[in-house]
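For reference, the structure discussed in these notes is given below.
Values in this text are rule-based calculations from the coordinates and carry no lab data. Just so it is clear, the structure is predicted and the values come from calculations on it, not from any experiment. In this analysis, Cβ positions are derived from the backbone assuming ideal geometry, glycine residues included, and neighbour counts consider all displayed protein chains.
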Amino acid sequence: MQAQSYDAIVVGSGISGGWAAKELTEKGLRVLLLERGKNIEHIKDYPNATKAPWDYPHRGRRTKAMEAAYPVLKRDYPLNETNLDWWASDQESPYTEVKRFDWYRGYHVGGRSLMWGRQSYRWSDFDFEANAREGLGTDWPIRYADIAPWYDYVERHAGISGSQEGMAQLPDGQFQPAMPLNCGEELIAGRLKQHFDGRRRIIPGRTANLTQPLPGRAPCQYRNACWLGCPFGGYFSTQSSTLPAAMATGRLTLRPFAIVTEVLYDRDKKRATGVRVLDAMTEQTTDYTARMIFLCASTLNSTWLLLRSATNVWPGGLGSSSDALGHNLMDHHFRAGASGRIEGLDDKTFYGRRPTGFYIPRYRNLFGDKREYLRGFGYQGGASRSGWSRAVAELGVGGAFKDAAALPGPWTIGGTAFGEMLPNPANKVSIDPTKKDKWGLPVLAIDCATGENEWLMRKDMMNDMAETLEAAGVKDVRTYDGGYWPGMGIHEMGTARMGRDPKTSVLNSHNQVWDAPNVFVTDGSCMASTACPNPSLTYMALTARAADFAVSELKRNNL
Amino acid sequence: MPEARQVQGIDRREAIRRVTALLGGVVFVGTTDLLTAVEHAHARAATSHAQVGAFTAQDVALLDEVADTILPETKTPGAKAAHVGPFMALMVTDTYDDKQQGVFRDGMRKLNDAGFMTKTPAQRLAFLEQLDREQKAYMDTRPQGAPAHYFRLMKELTLFGYFTSEIGCTQAMRYRETPGRFDPCMPYTPGETAWAGHA
């Protein structure tokens, strides 16, 4: 018989939930970690990790049957044959698209920490001060100095490889040695120093892949098969990093197939008392109690849960006494950039499949630059020698054609921009009372659109990359904008934001719900802005920081 | 780093064993299961030359010969040895929409009408060289939204099927499941084949 009372309950086992479980158990709390989907055990449950391309009947490509079964997932790259089992079923997890919103989810232990892109960047005060400076959204209640020690802390445990660059807009950190630029990238990075006053810099991507061992984990083996699960523990995931640490305390109870239907709230004590769990297999309902709750179910799921909770006190849900709950949904817009061909390096190649590339940190609207839009973007990209697929469009059949296609082709280089999206209260989620999922829960309605600032920025995102590559001598440069709809960045943020004022924010500076101080929300929903670098490292740092605060408050009997 | 360099040039099983050692003898529960699963998958990889979906054995044989003319045996085995014919039939069946299937099927009919199967290897090559020029000229100038040329579809599936097959990855190119290290810059000697990617 599983206990029904704990010191803390963590809802969700992805990047944020894994960190909450680790921090709270290591500080002595007995923690129940709830996950709505199945368990995935480290290594044992990575069935495709060492498969070869030819082991897949369709060699990884999507089939019509897969497209029919996954009407949302098929809109972009996540629909594929190699790790389909790790993407949530669109049919079992419906939502209402007031406007098109691509919601790509991982409903299993580890969540999207198993499939994430692993790019890990600190945000700077250019990001934390932006809302206040421009009078947009709500001011972040923290500054870089508040979070810097927590970046230090999580980087050491997660294992982030990267280079020290001394750039104010992209602070350095506690990095393992970087995965270096290859010779194509190095050549272009070197030439670029002579242009744009040195402000457009190509640096090695900072990634949650190890270049040195950590306890229980081997360095990256350069397989570049991360999203199949890594048998070496070479990249950060809940399974490789935070869950083993939490388990080692002996104080963690992990409960898969646990759908949290609501946070239980005591209106007299003004505190949450626990959560109600619907077992996804037996459909039985169980109430669990705890002295504090961490919501780490991912932005939209944590918000959906808040909207369903304490509705007897606030019809709009727990946290809705402000006007912020469910509003200001944001993502990173991307899929625009340029690529071209590098000449003069045909006598050079590289070895190993590096699971990262280069990064060009933001340079727009910084250091005196001023554009017609606000904020900025960074680029992720890489150089490599082209492969056999170049032969598809070339003229030729026969033996010489075949043998030539098996050789490495010309060097190519390209970059895709990831742009900041502004907070806008009109971009919102709410409960759709007309539609229920298979568990009887009214589904989430998502109403979100790309704004004028983003469209203006996208022109630069595309054209700047071409200008940058051409300045560095890259040939045959081509631009692209592959189109973007909110959600595609898989960086949902903002629908339960932090702030300084309970009237305009859901959470305070320690991620505490203003209306329920023993409820903490530390996933992407807490973000008051998106900046342009990838957000996951910031979720880790905010979660560790909030857990530290929560335990100290618990000891002072303030929760 | 020296530990990682040791992993170069060894197979997957050995790589996992060595990394287990690197971790100070921590035994990975499930490593054996992992290897067993991979070996089972290898056993299933052998594809028979029978009917595939609506493609008859004769259809598959035609596709095999087309593929083997595009990518014949040289110093490495050709497309037929890599079972590219049945692979094309599978991909058309499972991944092409009705319109693309129609284009592909019409193309097969045209090849049969031209007596492709009765031609000598040299005649087949000459025939496909001409067809390849036609498809390229068409594809380079086709209006937006116009269907692809059937021979472009065949050529794409042939290249994809061959260079992701075991023969294509490990014999025509080079494949290392676990490279074990990253060398960002090394000399390239003309003639060295490419490294195949991971799945």
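A full extension of the chain between A:PHE196 and A:ASP287 corresponds to an added length of 26.8 nm, given 0.36 nm per residue minus the alpha carbon distance. Computed from label points 7 Å out along Cα-Cβ, the spacing between A:ASP403 and B:ASP106 is 3.8 nm.
For the residue pairs B:LYS99/B:LYS136; A:LYS38/A:LYS270; A:LYS74/A:LYS428, the alpha carbons lie more than 30 Å apart in A:LYS38/A:LYS270. Shown here are the Rg and Dmax of the Cα trace of segment A:396-554, at 22.8, 74 Å.
The modelled label-to-label distance between A:GLU81 and B:ALA57, using points 7 Å beyond Cα along the C-beta direction, is 2.5 nm.
May I ask for the Rg/Rh ratio of segment A:212-284, computed from Cα atoms with Rh as the Kirkwood radius, given to two decimals?
Working: Rg = 18.2 Å, Rh = 15.6 Å.
Reported Rg/Rh (Cα atoms, Kirkwood Rh): 1.17.
Of the trypsin sites (Lys or Arg not before Pro) found in segment A:263-357, those that fall in a DSSP loop while having at most 12 other beta-carbon atoms within 10 Å are A:ARG267, A:LYS269, A:LYS270.
Over segment A:300-455, what is the relative contact order in whole percent, taking alpha-carbon pairs under 8 Å and six or more residues apart?
Across segment A:300-455, relative contact order equals 28 percent.
At R0 = 25 Å, how high is the FRET efficiency between A:ASP481 and A:GLU134 if r is their beta carbon distance? Nearest 0.05 is fine. After rounding, the FRET efficiency stands at 0.45.
Here segment A:47-202 is treated as a Stokes sphere of Kirkwood radius computed over C-alpha pairs; at 20 °C and 1.002 mPa s its diffusion coefficient rounds to 108 µm²/s. For segment A:364-458, the list of GluC sites (Glu not before Pro) that fall in a loop by DSSP and count at most 14 other C-beta atoms within 10 angstrom reads A:GLU372, A:GLU394. Among beta bridges identified by DSSP and lying wholly in the protein assembly as shown, the antiparallel ones come to about 70 percent.
Over all directions, the projected convex hull of the C-alpha atoms in the protein assembly as shown averages 32.5 nm² in area.
So for segment A:1-61, considering every pair of alpha-carbon atoms, how many percent are separated by more than 19 Å?
Beyond 19 Å sits 52 percent of the P(r) for segment A:1-61.
With bins 5 Å wide beginning at 0, the percent of Cα pairs of segment A:494-559 falling in each bin runs 4, 20, 27, 25, 15, 7, 2, 1.
Looking at segment A:271-315, the pairs of alpha carbons with a distance over 11 Å make up 73% of the total.
Considering every residue in B:76-83, what mean count of other chain Cβ atoms within 10 Å of its Cβ is obtained? Before the final figure, lay out the partial values.
On the way: counts 4, 0, 2, 1, 0, 0, 1, 1.
Going residue by residue through B:76-83 and averaging, the value is 1.
With the convex hull constructed from alpha-carbon coordinates only, segment A:359-398 shows a mean projected area of 5.1 nm² over all directions.
Note on A:GLN212 and A:GLU165: their simple-model spin labels are 2.1 nm apart, each label 7 Å out from Cα toward Cβ. Each of A:ASN224, A:ALA68, A:GLY106 was scored by the projection of its Cα onto the charge dipole of chain A, and the greatest displacement toward the positive side belongs to A:ASN224; charges sit on the C-beta of Lys, Arg, Asp and Glu. Computed over chain A, the per-residue total of -39500 (n - 2.57) for DSSP H runs of n ≥ 4 gives a 222 nm mean residue ellipticity of -6000 deg cm²/dmol, rounded to 500. Relative contact order of segment A:438-559, please, whole-number percent, based on alpha carbon pairs below 8 angstrom and at least 6 residues apart. Across segment A:438-559, relative contact order equals 17 percent.
Shape call for segment A:67-151 from the C-alpha gyration tensor, a ≥ b ≥ c root eigenvalues: rounded (a/c under 1.5), prolate (a/b greater than b/c) or oblate?
The shape class here is prolate.
In segment B:143-199, one over the average inverse separation of all distinct C-alpha pairs is 13.9 Å, which is the Kirkwood hydrodynamic radius.
Spatial offset of segment B:135-183 relative to segment A:123-195 amounts to 38 Å, using the alpha carbon center of each. When both segment A:279-301 and segment A:1-42 are represented by their alpha-carbon centers, they are found 10 Å apart.
Overall dimensions of segment A:261-405, expressed as equivalent-ellipsoid semi-axes from the Cα gyration tensor (√(5λ), whole Å, largest first), are 53, 25, 14. Sorted ascending by nearby beta carbons within 10 Å, beginning with the fewest, A:ARG375, A:ARG500 become A:ARG500, A:ARG375.
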